Amino acid sequence: MSLSATTDSAKDIRIDRKASEPATSDFQQSNLYSEDLARKAIEFALMEDLSQEGDVTSNSTIPAKAQATATLIAKENHSVICGFGVAEMVFKTVDPSLVFKPLASEGVYIESSPVTIGTVSGNARSILTAERTVLNLMQRMSGIATSTRQYAQKAKRFGIQILDTRKTAPGLRVFDKLAVKLGGGTNHRIGLYDQILIKDNHIACAGGITQAVTAARTMYEDKRIEVETTTFAEVEEALSCAADIIMLDNMSPLEIAKCVQLIQKRAQIEVSGGITLETLDRYLIEGVDFISVGSLTHSVKSIDISLEVEIGI
């Protein structure tokens, strides 16, 4: 079994380990709004699982004071493992007395498996109550990070950043976006609030690209403006409006190369539209700044991680 650090963007999530306080982490570079979303998502996931009755199986089959230690094991080769901070938040939400010990850094790359990646000890009922929520989130996040790494490794030698999108699971965006970062990708806008992205429907409603950009810039002078384009004429109009980023949507590699020559670094360029790992090489074109990949978060293949319990340890 082999562990290695992943991309430079990976970083540890710092946890407040005081049992009397909730665990904390530096989601999205200490963005407290995202921290709050993470807590709410975890609380909802547990409420969804436990309802008013709690874990009726664990509560009826395990003595109330039984103690246990459980081991988290990653079981897939060539995978990026993340979500340790999330796991601790779940464990501490269920039972502040549980002690979670990660045995690897956030975003660790596993060459070969199985690998023991962490332990949790304390009340046996509490561990099993938290188990599925912990695994669901870690498996999903690790799947996203693993896929992102595959794209980012190909793109980095061209100086192109791989972007995620808003095509995330409802309620899980904070985790999905963090996983992309830990896999070496770059977060696009987090939501509708932090960047202006003028798409075809906005253009249609506003009456054109020029009208849409002018109105957006008038209301939000400090926001970066990106414009989605599908033709050379739309690219020229977006340039004339001094858009910060021009998205080339569903264009062929040849069309993209021509647009790069037209734009000549007067705006940053994002390429988008059904790009897969198999077709990515065709879009790694000099002059492109970003390639956005919706499948990173909307078509996730989870990584196999298990939790194995030993009573009385």
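Any read-out appearing in this document is the output of simple, stated calculations on the displayed coordinates, not a laboratory observation. Predicted model only: the values in this text are computed from it and were never measured. Cβ atoms come from the backbone with ideal geometry, glycine included; neighbour counts cover every protein chain shown.
With contacts defined as alpha carbon pairs under 8 Å and 6 or more residues apart, what's the relative contact order of the chain in percent?
Relative contact order of the chain: 23 percent.
Summarising the amide proton neighbourhood of Val108: residues at separation of 5 or more, or on other chains, whose placed amide H is nearer than 5 Å comprise Ile81.
Cα centroids of the stretch 170-188 and the stretch 107-130: 21 Å apart.
Scalar couplings 3J(HN,Hα) for the stretch 190-197, obtained by applying the Karplus form with A = 6.51, B = -1.76, C = 1.60 to θ = phi - 60°, are 6, x, 7, 9, 10, 7, 8, 10 Hz; x denotes Gly and Pro. Taking the average, over residues, of other Cβ atoms within 10 Å as the packing measure, peptides 241-248, 150-157 rank 241-248, 150-157 from highest down. Computed over the chain with a Gaussian network model linking Cα atoms closer than 10 Å, the most mobile of Glu131, Glu53, Glu237 is Glu53.
Normalising the Debye intensity of the stretch 68-166 to I(0), with uniform scatterers on Cα atoms only, and taking log10 at q = 0.10, 0.12, 0.19, 0.23 Å⁻¹ returns -0.31, -0.43, -0.89, -1.15. Can you spot the aspartates and glutamates whose alpha carbon is less than 14 Å from Lys156's alpha carbon? Ignore those fewer than 8 places along the same chain. Hits, sequence-local ones excluded: Asp8, Asp281, Glu286, Asp289. The ranking of Met219, Met138, Met251 by Cβ neighbour count inside 10 Å, starting from the fewest, reads Met219, Met251, Met138.
Ignoring lysines fewer than eight residues from Lys65 along the same chain, the ones with Cα atoms less than 29 angstrom from its Cα are Lys18, Lys40, Lys92, Lys101.
With the cut-off at 1.5 for a/c, could you classify the stretch 153-298 from its C-alpha gyration tensor as rounded, prolate or oblate? Here the stretch 153-298 falls in the oblate category.
Near the amide H of Leu197, within less than 5 Å, lie the amide hydrogens of Glu226, all on another chain or at least 5 residues away, with H placed in the peptide plane. Each residue of the stretch 61-67 is assigned a 3J(HN,Hα), and the resulting list reads 10, 10, x, 4, 9, 4, 9 Hz, derived from the Karplus form 6.51 cos²θ - 1.76 cosθ + 1.60 (θ = phi - 60°), x at Gly and Pro. Largest GNM mean-square fluctuation among Thr69, Thr218, Thr148, using the chain with Cα springs under 10 Å: Thr218.
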